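Below: one structure, written as C-alpha cells.
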C-alpha cells in the first residue's frame, strides 16, 4: 500500500506525493516536504494520530500538510 | 450608303431596346439582388442567431461546466466533510451545530466558520470567553477543511489562539511566524 502526502487546497484535498514506504528514500521524501514547507508554510501531520510530525518516517501512511493560519 | 443606314438603324433599335427593356430586366435583377440581400440579412441574422446560439451554447457550456464544477465542488465538499469528521475524531472534537468543541487540557475551544472562542479554564465558572477570527493563508479551501486545519493546529498548539487573537500575521502549526512571500 502506498503512502501519500496530501494537503488541503482550493481544489479540496490534493495528493502531493505518493510513494512506497517500504522502498522509498525517506530522506528524499523529507527533503520534498521541507521544500514544500519552505514555500507554503505547511507542516506535516500524521493522519493516523493527528500529531504534528518533525519528520516523516516509514510508519506514516498518510501525512497531511497543514497550511498556516492567520488571525483576523 | 445603305448598309451604313441599316447599321445605324440596328444600332438605334438596340439602344431603344436596351432602354425599353432595361426596366423589365432591372426587376428581376433587383429581385435577384433582393433575395441575395435578404439572404445576406438572413446570414447576418443567422450569424447573430449563431452568435446567440454560441452565447447560449457558451452559457450552457458554462452551466455545464458550472454544473460539472458543481458536481466536482460537491464532491470535494463531501470529501472535505469526510476529512473534517476524521480530524474531529482524531482531535476528540465534538460537533455542536455548525461548530466543533475541542478540549485541550483545561481549555475549551469552540471552532466554527473562521471564528474560534476559548475558555481558558473550563472548570472555572467565572472564566471569560475570548473570541477571535482566523483564516488559512492558503485561500479557497473548503470550509470543512478550514475547520479541520484549525482543529489540528489548536490540538497540537493551543497557544496559537493567542497569536491569532493578536492579529499579527500568519503562523505555522508549530507557532513560527510565516509570511507568504518568504
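Any read-out appearing in this document is the output of simple, stated calculations on the displayed coordinates, not a laboratory observation. Not measured: the values here are computed from a predicted model. Neighbour counts run over all protein chains shown; Cβ positions are idealised from the backbone, glycine included.
Some values worked out for this structure:
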| quantity | calculated |
| --- | --- |
| Between segment B:122-180 and segment A:2-55, the alpha-carbon center distance in angstrom | 21 Å |
| Cβ crowding within 10 Å averaged over residues, with B:126-133, B:102-109, A:31-38, B:81-88 ranked highest first | B:81-88, B:102-109, A:31-38, B:126-133 |
| Footprinting exposure proxy for A:5, A:69 (fewest neighbouring C-beta atoms within 10 Å first) | A:5, A:69 |
| Residue exposure sequence - B:138, A:11 - by fewest surrounding Cβ within 10 Å | A:11, B:138 |
| Three-way shape call for segment B:101-182 based on the alpha-carbon gyration tensor, with the a/c threshold at 1.5 | prolate |
| Contact order relative to length of segment A:3-66, as percent, for alpha carbon pairs under 8 angstrom and 6 or more apart | 39 percent |
| Cα long-axis angle, helix A:26-40 against chain A (0 to 90 degrees, to the nearest 10) | 10 degrees |
| Measure of compaction for chain A (Cα Rg per 2.2 N^0.38 Å) | 1.06 |
| Ranked list, fewest to most other Cβ atoms within 10 Å of each Cβ, for B:152, A:17 | A:17, B:152 |
